[in-house]
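Shown next, in structure tokens, is the structure this report addresses.
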Number of protein chains: 2
Amino acid sequence: MTHAPLPGPIDPPARLLMGPGPISAYPSVLRAMSAPLVGQYDPFMTATMTETQELYRGVWSTRNEATVLVDGTSRAGIEAAITSLVRPGERVLVPVFGRFGHLLAEIARRAMAEVHTIEVPWGQVFTPSAIEEAVARVRPHLLALVQGDTSTTMNQPLDEIGAICARHGALFYTDATASLGGNDFEADAWGLDAATAGLQKCLGGPSGSSPITLSDRAVEVVVARKSIEAGIREDGDPDAADFVRSNYFDLGQILDYWGPRRLNHHTEATSMLYGARECARVLLAEGRDAVIDRHRLAGAAMLAGVRALGLEVFGDVAHKMHNVVAVEIPDGVPGDAARTVLLEDFGIEIGTSFGPLHGRVWRIGTMGYNARQDAVLTTLAALEAVLRRFGAKVPVAGGVEAAADVYRAAA
Amino acid sequence: MTHAPLPGPIDPPARLLMGPGPISAYPSVLRAMSAPLVGQYDPFMTATMTETQELYRGVWSTRNEATVLVDGTSRAGIEAAITSLVRPGERVLVPVFGRFGHLLAEIARRAMAEVHTIEVPWGQVFTPSAIEEAVARVRPHLLALVQGDTSTTMNQPLDEIGAICARHGALFYTDATASLGGNDFEADAWGLDAATAGLQKCLGGPSGSSPITLSDRAVEVVVARKSIEAGIREDGDPDAADFVRSNYFDLGQILDYWGPRRLNHHTEATSMLYGARECARVLLAEGRDAVIDRHRLAGAAMLAGVRALGLEVFGDVAHKMHNVVAVEIPDGVPGDAARTVLLEDFGIEIGTSFGPLHGRVWRIGTMGYNARQDAVLTTLAALEAVLRRFGAKVPVAGGVEAAADVYRAAA
């Protein structure tokens, strides 16, 4: 059918990815992606799955047995969690403080839940008391709360929310896609029943695998709804009447595949498994707290740098994620054209945003492999040059020196 | 939390994967998996997505504009097709001739369709008239039919089914996961409205990306059900009342992400995209028909080989897929123990099967990169040695020579 000449092997241009994600992967993660495949039930494969579960327990800071990967991008993990935990008609409460709160509400609505939302203006987070008031009023089966919403850069504090949910009998789920690995996260200590993420932010891998962890209480819910496929069902296997309205996202089946029964579900995405394993391995090898500190430092340096370039920072900076900052695009500077010059002439990518912030802010990330001094300083030097090219008045070397000062002070 | 010593970088053992899939990937596909990442809206990224669509039009033999990837394993593509095409309560007809027919029925049931099935014994396929009788009786909205069911190795002829569906006003969907690339496939000529696959069989890549193609008629159905997320919705955007009961699998949204509007949905799994692109590229570079012929030849050689070893072949051999053969495990040979020796001592993997065939047959694949003479002969030599080790009487070098004869005759 096609008569166009065939393209050659993939050969991406050199890019320093300093946007809100995806970001440049750790080199060792890219190497892991090209490791040879093994069979689905090869002892090496099942051992690698088990090993990866244990590595992610370290990443999530949990003892949850039910710590696995969902084969898909980060929103696959979100949908698996919500669709498996919430029966049609059950109430879900979503506090919305950016685009990804809307996404959680939308996914819950598609799961035929009764969805309630509360909102704060973009750039803010919720107080625990505002969340408790809503939980007491709505009495949700599930509270679904984004931790870090890249659309606004805000990091919602979660440490008091688990106790609120426990007081009111709600399950507590968080989407930590943008935050995990670059900011504090304590699945067990914070009382989480479910948490999901992706690889393409602070974990420093490619999009396409979604780490998930479930408390024993959450596992009870998904196991009660388990229905085993007719093609592989045996006598006595469950076939719940209130089955999950998805086969692919039925966590009961997914846990049976990762668990000792190894019951065939999908064919695990082997290369993504290798990559996900390596993301966790490099994080734990460097040390979980050390990686978070590296993100804290890179974020502080970038924040100092953009301010020293005279740029206004969007939102409640005290509640900003370490790994991304939103800056107001200066008057007179065409935001998208400037981003294009940064990409095409310098090979550096920064991001725009969504909805009310589209065209109003740039989002600059410092995450995963790129939470590094050289990446921060190079980006600030290039940004200064581009701002100047578009006629903005910026202090000479101000951004770079302010960021370098932060690194010097920490050394 | 974890105190065990950290494992090293991933280092899989040498394996020749000659089971029903996943199989050893093409080396160039593994290389593509480790290419550096680029941003989600990098011109290189969007160009790569567009280029990959065109490559898959060649693989599917279609002019369908709506030819994309679903980010997940092959059953993610199945669920996206069924969930997006079928509204709750609509009738779906599934002719079942193996495990994966049961899977299509199960996914349709979870999508709250009214599911009807017809069955033939495992090892057989349906006649067109049996399918037409059922279509006329059930009057389904969608006929969902597996092309190649690896559980039985059967290849259901599809060339007359599109006309049957057209006569009765049904949409025609096929799951070509196990067959695409190794057997004839003509999406347009056969009148398909939707087809999905995976990379891990004849396409010679890792599991984790699901190619899908939709006819214009299928696109009309999914677009009519499109609902755009609140977080990125603009004035005039649709918000259908009979929305797809999944965000992740809403093909209307997925097509908007791959289409000219590039509306943000998930973050495309970049490494899997690179791999999927390379799978299609190597297939088209060798030539679609040449690749199918290579599978036909390897399959014929393996069939001659196992027969010359005295093994009985399961099912209707005239309707066997080229890329896999099921052989009866000889009396007195412990099937799983023999497979373990083949894996551990020879590094060669073959498969068992599911349901009624578990423990009764081995499934031996010759697909993708491994549809090669050296892979066929090596497997037969090792299988002969293992059979002998377990006390089976087998002709010396019979399998290897019979297979080599097939290759010699074709040279």
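The values are calculated or read from the model by the stated rules, or taken from the named source; none is laboratory data. The structure displayed is predicted, hence computed values, not measured ones. Because the Cβ atoms are built from the backbone with ideal geometry, glycine has one as well, and the counts that use them run over all protein chains shown. Note: accessible area is taken over every heavy atom of the protein model, side chains too, but ligands, DNA and RNA are not part of it. Shrake-Rupley method; radii C 1.70, N 1.55, O 1.52, S 1.80 Å.
Below are the figures for this structure:
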item: Residue that is more than 7 Å from chain B (Cβ to nearest Cβ) and in a loop (DSSP other than H, G, I, E, B), where the choices are A:Ile23, A:Ile82, A:Ile78; result: A:Ile23
item: Complete set of residues in segment A:222-237 that are touching a residue at least 12 places away in the same chain (Cβ under 8 Å) and open to solvent by less than 50 Å² (accessible area, probe 1.4 Å); result: A:Val222, A:Arg225, A:Lys226, A:Ser227, A:Ile228, A:Glu229, A:Ile232
item: Candidates B:Ser246, B:Ser207, B:Ser271, filtered to the one that is in a helix (DSSP H, G or I), crowded, with 21+ Cβ neighbours inside 10 Å and at the interface with another protein chain (Cβ under 8 Å from one of its Cβ atoms); result: B:Ser271
item: Verdict on B:Phe354 being over 24 Å from B:Pro395 (Cβ atoms) and aromatic (Phe, Trp, Tyr); result: yes
item: Residue, nearest to B:Ala241 (Cα to Cα), within segment A:100-115, restricted to residues that are assigned to a loop (DSSP other than H, G, I, E, B) and at the interface with chain B (Cβ under 10 Å from one of its Cβ atoms); result: A:Met112
item: Unmet criterion (only one of (1) more than 7 Å from chain A (Cβ to nearest Cβ); (2) more than 20 Å from B:Gly208 (Cβ to Cβ); (3) in a loop (DSSP other than H, G, I, E, B); (4) touching a residue at least 40 places away in the same chain (Cβ under 8 Å)) for B:Gly8; result: (4)
item: Meets criteria (surrounded by 23 or more Cβ atoms within 10 Å (Cβ to Cβ) and facing chain B (nearest Cβ under 10 Å)) for A:Leu93; result: no
item: Matching option when the condition is touching a strand residue (DSSP E or B) at 6+ places or on another chain (Cβ under 8 Å), touching a residue at least 40 places away in the same chain (Cβ under 8 Å) and more than 8 Å from chain B (Cβ to nearest Cβ), among A:Thr52, A:Thr46; result: A:Thr52
item: Number of positions in segment A:172-199 that are away from chain B (no Cβ under 14 Å), surrounded by 24 or more Cβ atoms within 10 Å (Cβ to Cβ) and out of contact with any Phe, Trp or Tyr (no Cβ under 9 Å at 6 or more places or on another chain); result: 3
item: Test: B:Pro88 is in the same structural domain as B:Glu119 (by TED's automatic domain parsing), open to solvent by 10 Å² or more (accessible area, probe 1.4 Å) and under 17 Å from A:Gly208 (Cβ atoms); result: no
item: Condition check for B:Ser28: facing chain A (nearest Cβ under 8 Å), open to solvent by 10 Å² or more (accessible area, probe 1.4 Å), of a type in the set (Ser, Thr, Tyr) and in contact with an Asp or Glu (Cβ under 6 Å, 6 or more places away or on another chain); result: yes
item: When residues of segment A:274-291 are limited to those that are away from chain B (no Cβ under 11 Å) and crowded, with 22+ Cβ neighbours inside 10 Å, the one nearest to A:Glu384 (Cα to Cα); result: A:Val291
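Residue by residue, here is whether (1) in a helix (DSSP H, G or I); (2) open to solvent by 40 Å² or more (accessible area, probe 1.4 Å) holds:
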residue	(1), (2)
A:Thr117	no, yes
A:Trp122	no, yes
A:Val125	no, no
A:Ser129	yes, yes
A:Glu132	yes, yes
A:Ala136	yes, yes
A:Leu143	no, no
A:Ser151	no, no
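Conditions tested, residue by residue: (1) farther than 29 Å from A:Ser209 by Cα; (2) under 20 Å from the mean Cα position of the chain (by Cα); (3) modelled with pLDDT of 95 or more; (4) outside the structural domain of B:Arg372 (by TED's automatic domain parsing).
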{"position": "B:Leu214", "(1), (2), (3), (4)": "no, yes, yes, yes"}
{"position": "B:Asn247", "(1), (2), (3), (4)": "no, no, yes, yes"}
{"position": "B:Trp258", "(1), (2), (3), (4)": "no, no, yes, yes"}
{"position": "B:Arg296", "(1), (2), (3), (4)": "yes, yes, yes, no"}
{"position": "B:Arg307", "(1), (2), (3), (4)": "yes, no, yes, no"}
